[in-house]
Amino acid sequence: MFVSQENAGRELLTDDEYKSQKNALMGEKANIESQIRNIEQGVDQWLDLTEKTFNFATYAHVWFEKGDFEQKTNILRALGQNLTLLEGKLCIDMQKPFLTLKQGLEVEPLKTARLEPVTLGLLNGKNTRLESVFSQWSG
């Protein structure tokens, strides 16, 4: 509107109005860019924490078996708080990431889930269209 023919005499939008609107939009743009940077930083932190939590959950038992007293104590502290010994068993109030992992492992379908198909479709019969290609590949 500012550069249109109808505004040649600055009747529609004056220079001051243009500058005011431009400054408001530039401020809004800077605010949005700042929010984007904050979100990206939060995502990076979340990803780093997730990776560390997963690695800890994967290897903690190995570190615990092979570690000294201090390493074992640090592992137990990392798992949670309020460590108590009841009838010869150590009880821990687990921190949320590890509690979530524990609950996920207790879901029955995950215990019996297969990652591989029961039968492989290509092994059940020959595909005549691909037979010539297979013979070329295999020599």
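Side notes on the structure shown:
- Members of segment 49-91 found to be over 16 Å from LYS102 (Cα atoms), within 21 Å of the chain's Cα centre (by Cα) and of a type in the set (A, V, I, L, M), listed by number: LEU49
- So GLU70, is it surrounded by 10 or more Cβ atoms within 10 Å (Cβ to Cβ), in a helix (DSSP H, G or I) and acidic (Asp, Glu): no
- Residue within segment 82-96 that is part of a helix (DSSP H, G or I) and among the acidic types (Asp, Glu) present: no
- Residue check, LEU12 modelled with pLDDT under 85, within 18 Å of LYS102 (Cα to Cα) and either assigned to a strand (DSSP E or B) or among the hydrophobic types (A, V, I, L, M, F, W, C) (or both): no
Yes/no per residue for (1) modelled with pLDDT under 90; (2) within 30 Å of CYS91 (Cα to Cα); (3) in contact with a strand residue (DSSP E or B) (Cβ under 9 Å, 6 or more places away or on another chain):
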{"position": "SER4", "(1), (2), (3)": "yes, no, no"}
{"position": "ALA24", "(1), (2), (3)": "no, no, no"}
{"position": "SER34", "(1), (2), (3)": "no, no, no"}
{"position": "ARG37", "(1), (2), (3)": "no, no, no"}
{"position": "ASP44", "(1), (2), (3)": "no, no, no"}
{"position": "LEU49", "(1), (2), (3)": "yes, yes, no"}
{"position": "LYS52", "(1), (2), (3)": "yes, yes, no"}
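- Only one entry in ALA57, ALA78, ALA30 is of a type outside the set (Ser, Thr, Tyr) and closer than 30 Å to PHE2 by Cα, namely ALA30.
- Residue match in segment 34-47 (condition: touching a residue at least 12 places away in the same chain (Cβ under 8 Å) and either surrounded by 10 or more Cβ atoms within 10 Å (Cβ to Cβ) or out of contact with any helix residue (DSSP H, G or I) (no Cβ under 7 Å at 6 or more places or on another chain) (or both)): no
The values are calculated or read from the model by the stated rules, or taken from the named source; none is laboratory data. All figures in this text were calculated on a predicted structure; none of them were measured in a lab. No Cβ is skipped: glycine too gets one built from the backbone with ideal geometry, and neighbour counts run over all protein chains shown.
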